[in-house]
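Asks: A single structure is presented below for examination.
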Amino acid sequence: MTTPSAALLEHLRALEVELHHPGVRCSRERLLQLLHPGFHEVGRSGRRYTREVVVDFLAAQAVPPDVVPSDFLVTLLAADCALLSYRSAHRQSDGSLANHTERSSLWRRIDDEWRLFYHQGTPCEPW
């Protein structure tokens, strides 16, 4: 039997990974569905990005990086708010991993749909 927290983890993990998928990253419509209207991000660089900037950037990528995510954890902060944390790296053409990052995403449920409200990436040591 799946516990609610395990089901929530799997659901939010699937939504987060969907943002890494080349077919989704090139779809402006789907990005607008996944990202909350108040979405903002602090990238690996420490710069702050608005929803519009992120949507434009992701939708314009012809070949997004091959993202390798791992170690997903979820914390339910309220009935309609969850913190998803995980690690990621980009697979290079030679198979090696680069750009290792600790990631945190704040998801909010609105009208029974989870939408990404905030995301932050912090560079970290390779794993």
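Asks: Out of the residues in the range 7-65 that are acidic (Asp, Glu) and either in contact (Cβ under 8 Å) with a residue 40 or more places away in the chain or closer than 19 Å to Ala89 by Cα (or both), which is surrounded by the most Cβ atoms within 10 Å (Cβ to Cβ)?
Replies: That would be Glu16.
Asks: Find the residue count for the range 70-96, including only residues that are of a type in the set (S, T, N, Q) and farther than 17 Å from Ala14 by Cα.
Replies: 3
Asks: Also, I was wondering about something else. Scan the range 61-96 for residues that are part of a loop (DSSP other than H, G, I, E, B) and under 17 Å from the mean Cα position of the chain (by Cα) and report the count.
Replies: 3
Asks: Can you find a residue that is modelled with pLDDT of 95 or more and on the phi < 0 side of the Ramachandran plot anywhere in the range 53-63?
Replies: Yes, there is a match, as at least one residue in the range 53-63 is modelled with pLDDT of 95 or more and on the phi < 0 side of the Ramachandran plot.
Asks: Is it the case that some residue within the range 97-106 is outside any strand (DSSP E or B) and over 13 Å from the mean Cα position of the chain (by Cα)? Walk me through it before giving the result.
Replies: Residues of the range 97-106 outside any strand (DSSP E or B): none.
Looking through the range 97-106, none of the residues is outside any strand (DSSP E or B) and over 13 Å from the mean Cα position of the chain (by Cα).
Asks: Here's a follow-up. Specify the residue that is modelled with the lowest pLDDT; the eligible residues are those in the range 23-45 that are aliphatic (A, V, I, L, M) and assigned to a helix (DSSP H, G or I). If you could, list the steps in order and put the result at the bottom.
Replies: Applying the first criterion (aliphatic (A, V, I, L, M)) to the range 23-45 yields 24, 31-32, 34-35, 42.
Add one more test, that the residue is assigned to a helix (DSSP H, G or I), and what stays is 24, 31-32, 34.
Numbers: Val24: 67, Leu31: 91, Leu32: 93, Leu34: 95.
Checking each candidate, the answer is Val24.
The values are calculated or read from the model by the stated rules, or taken from the named source; none is laboratory data. Fair warning: this is a prediction, and the values are worked out from it, not measured in the lab. Neighbour counts run over all protein chains shown; Cβ positions are idealised from the backbone, glycine included.
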